[in-house]
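Below is one structure, written out as structure tokens; comments come after it.
None of the figures in this text is laboratory data; all of them are computed from the coordinates on show. Small disclaimer: the values here were computed from a predicted structure and weren't measured. For neighbour counting, all protein chains shown are included, and Cβ atoms are generated from backbone atoms with ideal geometry for every residue, glycine included.
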Amino acid sequence: RTVAYDPTRPAPPLHVRAAAVLEAGWTGTSTVPSRGLYPHQWSWDSAFIAIGLRHVSPLRAQTELETLLAAQWADGRIPHIVFNPSVPLDAYFPSPDFWRSSAAGRAAGAPRTVQTSGIVQPPVHALAAWLVHLADPGLSRARGFLTRAYPRLAAWHRYLLHRRDLGGGGLVSVVHPWEQGMDNSPCWDRPLSRVTPAPARSFRRADLDHGSPEDRPTDLDYGRYVRLASDYRDRGYADGGIEGAARRASVEGGGGRRAGDFAVEDPAFNALLIASEYALARIARELGAAAPARQDRAERLTDALVERLWEPSAGMFLCRDVRAGELIPERGVSGLVPLLLPDLPRDLAATLVRTVCGPHFGLGGTTRLVPSYDLLGDAFDPHRYWRGPAWFNTNWLLERGLRLHGERGRADALRRGILHTAGASDFAEYVDPYTGQACGATGFGWTAALTLDLLH
Ligand code: 9WN
């Protein structure tokens, strides 16, 4: 139910409007990112949504995460989409008949009763589970929320760390731009250029029924997304990580099949894994177990992140193209997200703050919110999806990072900017970073949820 607009009455308060967006997106077991554009359950959306929903209904927030975790594969992966069987197949592309999870993913342990995609998204879930628990510890304990979630979250992290260390340096690789969540970021242009696109006539883009083509990825991008996903599916969603390669070699009696063409170590994906490792350590302690190994692992992963992805000349983290063996010389917002980490060396945190506020991202100067990509980059476009617009989830993460590293004034200003822009844009999916003009869908799930979180 949306709140009807009546110009003679003052608009309802922001928290009422944000809660109404989440109410309208609730299906009974989870929340859609957007009724029109994204009518199923998405993995990292659900984590962000649960973080806001906990302020309205801790029970729904727990249910949101439980629904997602129920679709986990036996190998530990949490799929990036859990399909709603009552939504028509042509409402979203790629639909369940493209992914064919229960058939193509059988060897990897895809569930039989629910249809999912076969790729993943950033691991925000343990962080979300811990924050949801804190909203109502009594209810959480009474329902055994963390007791049930913990083994699944631990298996999820194990999958990433053991099957997805494709670069061999201790970090996780994504094998598709949809996995990292910033689909058409200019950071992917170089590694994607090696992928032969699927012919445009071989699929139909349902997203263009809802979004303006200028705000969305191009057909050429989509051809490459489709090729990468169908190749992965046709390999049975098998991974090329250390364990995966050893298993395939023993089955096939040789070096195993080559993993996909796209493998990238991304700073935001890995930073969110580290933040979630800290959360898992807290969850373990709440459940009465000592968790020094998790704490150590989070610190080791932070070291690997610095070692493999920090670029001093850029003053930020960059993505590593694992197949080419080099850093990708593009400044995307993902390279700022490690500001979220408590054990980041102090000088690196200070440098990141300078970069966020400098000419490439403009915070406190030219921009209202931190853009998804370098304002001075050749590919910058203030309206095209992840090639410039500002997104609310990344700004929420940076607000936390600024606060964590003692930048209270900047964090307060960013918080005000997020709240104002979310309300003025009717909870847009993304906005022009200079003007705050709404792009993509409005009434977007995580925009409303993270607004609620900042209001509490
Ligand atoms: C593909 C749901 C998702 C977000 C992603 C965002 C967009 C999907 C799409 O929507 O991606 O997963 O169809 O464009 O890029 O971050 O999770 O909101």
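Observations, loosely collected:
- Normalised by the number of residues in the range 407-456, the mean separation of alpha-carbon contacts (under 8 Å, six or more apart) gives a relative contact order of 30 percent.
- Normalising the average separation of contacting C-alpha pairs (under 8 angstrom, six or more residues apart) by the number of residues puts the relative contact order of the range 308-456 at 18 percent.
- Within-14-Å neighbourhood charge of Leu220 [Cβ basis; K, R +1; D, E -1]: +4
- Within the range 318-385, all pairs of alpha-carbon atoms sorted by distance into 10 Å bins from zero give the percentages 19, 47, 30, 4.
- When only Cα pairs below 8 angstrom with a gap of at least 6 residues are kept, the range 11-133 shows a relative contact order of 27 percent.
- Estimated D of the chain in µm² per second, where Rh is the Kirkwood radius over Cα pairs and Stokes-Einstein applies at 4 °C, 1.567 mPa s: 59 µm²/s
- Compactness check for the range 1-82: Cα Rg over 2.2 N^0.38 Å is 1.24.
- Whole-Å distance, taken between Cα centres, linking the range 164-184 and the range 15-72: 25 Å
- As a proxy for reagent exposure, Leu287, Leu336 were ordered by neighbouring Cβ count within 10 angstrom, fewest first; the result is Leu287, Leu336.
- For His80, His157, the sequence from fewest to most other C-beta atoms within 10 Å is His157, His80.
- Once the chain from Glu299 to Ala142 is taken as fully extended at 0.36 nm per residue, the excess over their C-alpha distance is 53.3 nm.
- Span-like helix ranges in the chain, DSSP H, alpha carbon extent 30 angstrom or more, Kyte mean at least 1.0: none
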